[in-house]
Every structure is written in structure tokens, then in C-alpha cells.
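*Asks:* A single structure is presented below for examination.
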Amino acid sequence: MPKGKKKSKSGGTLRGSRLEAGLAPSSSDDESNADTASVLSCASESRCGSEGTVGEADVEDSVLHDDFEDKLKEAIEGTSQKSAKGRLSCLEAIRKALSNRYLYDFLIERPTTVCDFVERGLRKGRGEEQGVSATLAALACVHYGAGEEAASLFQTLLQPLTTLLLDTAQPPSVRAKCATALGLCCFVAESDNYPEVQRCMESLWQALSGAKPSTGNSPATVVHSAALLAWGLLLTVAPLDRLLAQAKSNMGRLQELLESSDLDLRIAAGEVIAIIYEVARDYDDNFEEPSDALCNQLRQLATDSQKFRAKKERRQQRSTFRDVYRAVHEGSSPDISVKFGREVLELDTWSRKLQYDAFCQLLGSGMNLHLAANELLRDIFELGPVIAA
């Protein structure tokens with residue numbers, strides 16, 4: 001159950017591209033730089049060979065921190081400018097900053113401002129601007145944790161996120177980002193409120209209505225796979241009796257999605273099925289065994305060698321469905337270790353793996369930093385208090 005921290009416009013054209021560059025993450029793959037904006041990375045590198053005292057370094061760090069916050073404030077102001085291109089650049093700069101740094105203290109001081117520019121982007125923006133705003137909604141909730149700020153933000157954004165998700169006239173990429181944001185925001189802010197979880201799950205399931213095995217790799221499949229993964233994420237916090245009810249009513253539909261020509265949708269369906277059987281068996285040892293038809297489907301996907309699929313796609317599918325087949329047929333669990341800094345995160349259930357994958361997709365290269373510093377993620381994955389540097 002997510003916890004985390006709990007505590008009771010100017011217009012004008014700005015240089016969005018300059019702000020984005022100032023807040024963008026370093027291109028280095030080194031873990032120590034993954035969470036640092038480029039303007040800070042350059043400054044850090046420039047002092048590596050200096051012989052300054054510790055006191056001087058502390059002062060410099062403070063200056064760099066203030067400079068970063070000034071640029072972030074400028075980007076936030078830029079989200080209200082008239083230029084659509086400028087607004088998008090500012091939103092993207094904020095997205096990168098929130099992905100690659102843990103900024104709870106900064107955001108908690110301005111919840112109304114954050115809510116305003118995200119809601120404005122969803123309601124008044126177009127296309128990519130709406131998509132980035134949806135991602136920012138999820139990022140803000142991840143920073144706030146399961147407290148009043150996240151709950152208030154989610155309630156404000158629930159309607160525009162749902163409307164965009166279900167509007168088939170919207171670009172598929174925007175709808176997919178709204179599906180992901182809807183799932184993550186509800187997971188963080190309302191996981192203890194099942195009626196709200198159920199409403200979001202119903203909206204996400206509705207977005208799957210057009211998914212058919214014969215659809216092919218159409219643009220809409222990105223919406224279907226995102227909606228199914230978000231639905232599965234919320235399934236991991238559903239009461240057990242509700243999960244069993246979902247399993248009974250939706251298993252046939254999930255088996256249909258295993259036949260999709262889209263790899264991501266097939267994998268999403270397989271992983272959700274694995275979660276259902278894993279949790280149901282923990283709850284009820286006498287839970288019905290998988291049907292022969294389901295086992296045959298999973299076995300076929302685990303051994304698929306059809307040449308019309310790309311070699312990389314076949315390899316990824318076989319690897320995933322070997323594990324899914326063993327989970328459904330034999331009751332096996334994942335055994336994945338994720339190392340970050342001096343710590344190790346064990347992913348030993350399908351529910352935990354799906355939760356980890358959802359946050360990874362959102363945070364990208366900033367995932368390791370958030371695992372180390374973000375209290376919400378440390379609560380979810382039972383990592384304990386933040387370890388002092």
C-alpha cells in the first residue's frame with residue numbers, strides 16, 4: 001500500500017529550449033550522474049579537480065541548488081506563455097527535472113501552482129502538450145506520496161485524464177499517456193479507496209473495448225497495452241474478493257488479448273494473468289486450475305518460432321511467456337534482483353514486478369535515484385528508511 005510523506009501567471013514568451021537544456025539530465029550513463037541536470041553536471045565536473053575546501057564545496061553546492069530551482073521556477077512560469085512550442089519546451093523541461101531528481105520539498109511548497117499548470121495543459125493544450133501534462137500528473141503524485149496533496153491533485157485531474165483517455169479522436173500517444181497517468185495517480189493517491197480504484201479500472205477497461213486479435217499493429221494498440229498495464233497495476237491493490245471477481249469475469253477477454261498481433265499487448269495480457277493466478281492462489285489454495293486452453297496458449301507463445309515475427313520480438317516473447325507459463329501452470333514466482341547504490345531490491349512476485357515496471361516506465365533513468373531517496377517508493381517496495389549518504 002503506497003504511503004510516502006503525508007502533510008496536512010505571468011505570460012510572455014520564454015526561451016523554452018534554453019530552460020530545457022538547463023534542466024535536462026546528463027547524457028552520461030554513470031549511475032552517479034543519472035539524477036543530475038546537465039547544468040549541475042557540468043559544474044560538478046569542473047570542480048572535480050579543484051583543491052577547494054569542504055566549506056567552499058558546500059557553498060558551491062548551495063549556489064548550484066539555487067540556480068537549478070530558479071530555472072525550474074522559470075520553466076513553470078513559461079507553461080502559461082502564448083507560444084505552444086514554448087509551453088511544450090517548458091513542460092518537457094519540468095518533466096525531465098521531476099524524473100531525474102527528487103523534488104518533494106520544492107513541490108510541497110506550491111501544490112496549487114503545480115495543479116494549475118498540469119490541469120491547464122490537459123484541458124487547453126493540444127496533442128503532445130496534453131501528453132506531457134499527463135506524465136507530469138503522475139510524476140507530481142510520485143513526488144508527493146500518498147498524502148493530501150496527491151489526493152487533491154488526482155481529484156482535480158481525474159475528469160480530464162478520463163475524458164482524454166476515452167476520446168477516440170485524440171492521438172493514440174496522448175490517450176496512452178493518460179491511461180498510464182490515471183493508473184499511477186490512482187495507485188498512489190487512492191489505493192485504500194476501492195470504489196475510486198474500481199471506477200478507474202472500469203474506465204481503463206473501457207479503453208480496451210476496441211482491442212481485437214485481428215486489429216494488427218494499429219496506432220491504437222499503444223492505448224490498449226497502456227490501459228491494460230494500468231488496469232493490472234490497480235488490480236495489485238484491489239481487495240482479494242474483488243480480484244477473484246475480476247478474474248472470473250475478465251479471464252476470457254484476457255485470453256483473447258493473448259492472440260493480439262501486438263507484442264506489448266500480448267505481454268501485458270500475460271503478466272496480468274500471472275498476477276491473477278499468483279494472488280488468487282495465495283488467497284485460496286483451492287482456486288481453480290488454469291484451463292487446458294489457457295495453458296496451451298501460454299505454451300505456444302513460450303515456444304513461438306513463427307518467421308513472420310522479428311527475431312528480437314520472438315526472443316522477448318519466448319522469454320516472457322516461459323515465465324508466465326510457469327507462473328500459471330506451476331505457481332512459480334519471479335526472481336529478480338535490482339541493484340542500486342549499496343542496496344538491492346528483490347522482485348519476487350508478479351505484482352511487485354508490474355509495480356516496478358510501471359515506475360520504471362515513468363521515471364526512466366531516474367528510477368535508481370528515486371528508489372534511494374523517494375519515501376513513497378521505499379514504502380511500496382519495503383526498502384525501509386532512506387539511507388544517509
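The values are calculated or read from the model by the stated rules, or taken from the named source; none is laboratory data. Computed from a predicted structure; not experimentally measured. Every residue, glycine among them, receives a Cβ derived from its backbone with ideal geometry; neighbour counts consider all protein chains shown.
*Asks:* Which residue is surrounded by the fewest Cβ atoms within 10 Å (Cβ to Cβ), if the candidates are limited to the range 219-251 and must be assigned to a helix (DSSP H, G or I), among the small types (Gly, Ala, Ser) and touching a helix residue (DSSP H, G or I) at 6+ places or on another chain (Cβ under 7 Å)?
*Replies:* First pass over the range 219-251, keeping only residues assigned to a helix (DSSP H, G or I): 221-235, 240-251.
Next, only the ones that are among the small types (Gly, Ala, Ser) stay: 225-227, 230, 232, 245, 247, 249.
Remaining after also requiring touching a helix residue (DSSP H, G or I) at 6+ places or on another chain (Cβ under 7 Å): 225-227, 230, 232, 247.
On the way: SER225: 24, ALA226: 28, ALA227: 30, ALA230: 29, GLY232: 27, ALA247: 20.
Selected residue: ALA247.
*Asks:* What number goes with the only condition from (1) outside any helix (DSSP H, G or I); (2) of a type outside the set (Phe, Trp, Tyr); (3) under 18 Å from the mean Cα position of the chain (by Cα) that ALA138 does not pass?
*Replies:* The failed condition is (1).
*Asks:* Checking SER249 against (1) farther than 23 Å from VAL222 by Cβ; (2) within 25 Å of the chain's Cα centre (by Cα); (3) not charged (D, E, K, R), only one condition comes out false. Which one?
*Replies:* Checking SER249 against (1) farther than 23 Å from VAL222 by Cβ; (2) within 25 Å of the chain's Cα centre (by Cα); (3) not charged (D, E, K, R), the one that fails is (2).
*Asks:* Would you mind telling me which numbered condition in (1) modelled with pLDDT of 95 or more; (2) among the charged types (D, E, K, R); (3) outside any helix (DSSP H, G or I) GLU259 fails?
*Replies:* (1)
*Asks:* When only residues in the range 311-345 that are touching a Phe, Trp or Tyr at 6+ places or on another chain (Cβ under 8 Å) and of a type in the set (Gly, Ala, Ser) count, which is surrounded by the most Cβ atoms within 10 Å (Cβ to Cβ)?
*Replies:* So the first thing to find is which residues in the range 311-345 are touching a Phe, Trp or Tyr at 6+ places or on another chain (Cβ under 8 Å), and the list is 327-328, 331, 333-334, 338, 345.
From what is left, the residues that are of a type in the set (Gly, Ala, Ser) are 327, 331, 333.
On the way: ALA327: 26, GLY331: 11, SER333: 17.
Per the criteria, the residue is ALA327.
*Asks:* Among the residues of the range 352-389, what is the count of those that are β-branched (Val, Ile, Thr) and outside any loop (DSSP other than H, G, I, E, B)? Step through it out loud before you land on a result.
*Replies:* If we filter the range 352-389 for residues that are β-branched (Val, Ile, Thr), which is where we start, we get 380, 386-387.
With outside any loop (DSSP other than H, G, I, E, B) added as a condition, the list becomes 380.
Final tally of qualifying residues: 1.
*Asks:* Moving on. Taking the range 158-199 as the search range and keeping residues that are farther than 20 Å from LEU363 by Cα and hydrophobic (A, V, I, L, M, F, W, C), which one is surrounded by the most Cβ atoms within 10 Å (Cβ to Cβ)?
*Replies:* This residue is LEU165.
*Asks:* Could you list, in sequence order, all residues of the range 102-132 that are of a type in the set (Lys, Arg) and within 25 Å of SER173 (Cα to Cα)? Let's see the steps before the verdict.
*Replies:* So in the range 102-132, the residues of a type in the set (Lys, Arg) come out as 110, 120, 123-124, 126.
If the condition is that a residue be of a type in the set (Lys, Arg) and within 25 Å of SER173 (Cα to Cα), then ARG120, ARG123, LYS124, ARG126 are the ones that fit.
*Asks:* May I ask you to say which residue of GLU202, GLU149, GLU196 is part of a helix (DSSP H, G or I) and either under 23 Å from VAL222 (Cα atoms) or at pLDDT below 95 (or both)?
*Replies:* Working: GLU149 fails: either under 23 Å from VAL222 (Cα atoms) or at pLDDT below 95 (or both); GLU196 fails: either under 23 Å from VAL222 (Cα atoms) or at pLDDT below 95 (or both).
Just one listed residue meets the conditions, GLU202.
*Asks:* Here is a further query. I want to confirm something. Restricting to the range 312-332 and keeping residues that are out of contact with any helix residue (DSSP H, G or I) (no Cβ under 6 Å at 6 or more places or on another chain) and modelled with pLDDT of 95 or more, which single residue is nearest to LEU263 (Cα to Cα)?
*Replies:* Ranking the candidates gives ASP323 first.
*Asks:* Would you mention how many residues in the range 152-172 are assigned to a helix (DSSP H, G or I) and either of a type outside the set (Ser, Thr, Tyr) or farther than 14 Å from SER203 by Cβ (or both)? Before you say what the answer is, go through the steps one by one.
*Replies:* Step one: of the range 152-172, the residues assigned to a helix (DSSP H, G or I) are 152-166, 172.
Subset that is either of a type outside the set (Ser, Thr, Tyr) or farther than 14 Å from SER203 by Cβ (or both): 152-161, 164-166, 172.
Of the residues in that region, 14 qualify.
*Asks:* Next up: Here are SER209, SER261: which of them is out of contact with any strand residue (DSSP E or B) (no Cβ under 8 Å at 6 or more places or on another chain), under 19 Å from VAL174 (Cβ atoms) and of a type outside the set (A, V, I, L, M)? Reasoning before the result, please.
*Replies:* On the way: SER261 fails: under 19 Å from VAL174 (Cβ atoms).
Checking each option against the conditions leaves just SER209.
*Asks:* So in the range 72-109, with the set limited to residues that are assigned to a helix (DSSP H, G or I) and polar (S, T, N, Q), which one is nearest to ALA137 (Cα to Cα)? Walk me through it before giving the result.
*Replies:* From the range 72-109, those assigned to a helix (DSSP H, G or I) are 72-78, 84-100, 104-108; that's our starting set.
Now narrow it down to the ones that are polar (S, T, N, Q): 89, 99-100.
Working: SER89: 17, SER99: 12, ASN100: 15 Å.
Checking each candidate, the answer is SER99.
*Asks:* Please determine whether any residue of the range 350-362 is more than 23 Å from VAL272 (Cβ to Cβ) and over 13 Å from the mean Cα position of the chain (by Cα). Walk me through how you get there before you give the answer.
*Replies:* If we filter the range 350-362 for residues that are more than 23 Å from VAL272 (Cβ to Cβ), which is where we start, we get none.
Checking the range 350-362: not a single residue is more than 23 Å from VAL272 (Cβ to Cβ) and over 13 Å from the mean Cα position of the chain (by Cα).
*Asks:* Here's a follow-up. Among the residues of the range 275-286, is any touching a Gly at 6+ places or on another chain (Cβ under 9 Å), more than 22 Å from VAL222 (Cα to Cα) and among the basic types (Lys, Arg)?
*Replies:* Yes, the range 275-286 contains at least one residue that is touching a Gly at 6+ places or on another chain (Cβ under 9 Å), more than 22 Å from VAL222 (Cα to Cα) and among the basic types (Lys, Arg).
*Asks:* ALA138 fails exactly one of the following numbered conditions: (1) of a type outside the set (Ser, Thr, Tyr); (2) closer than 28 Å to GLY270 by Cβ; (3) surrounded by fewer than 24 Cβ atoms within 10 Å (Cβ to Cβ). What is the number of that condition?
*Replies:* Every listed condition holds for ALA138 apart from (3).
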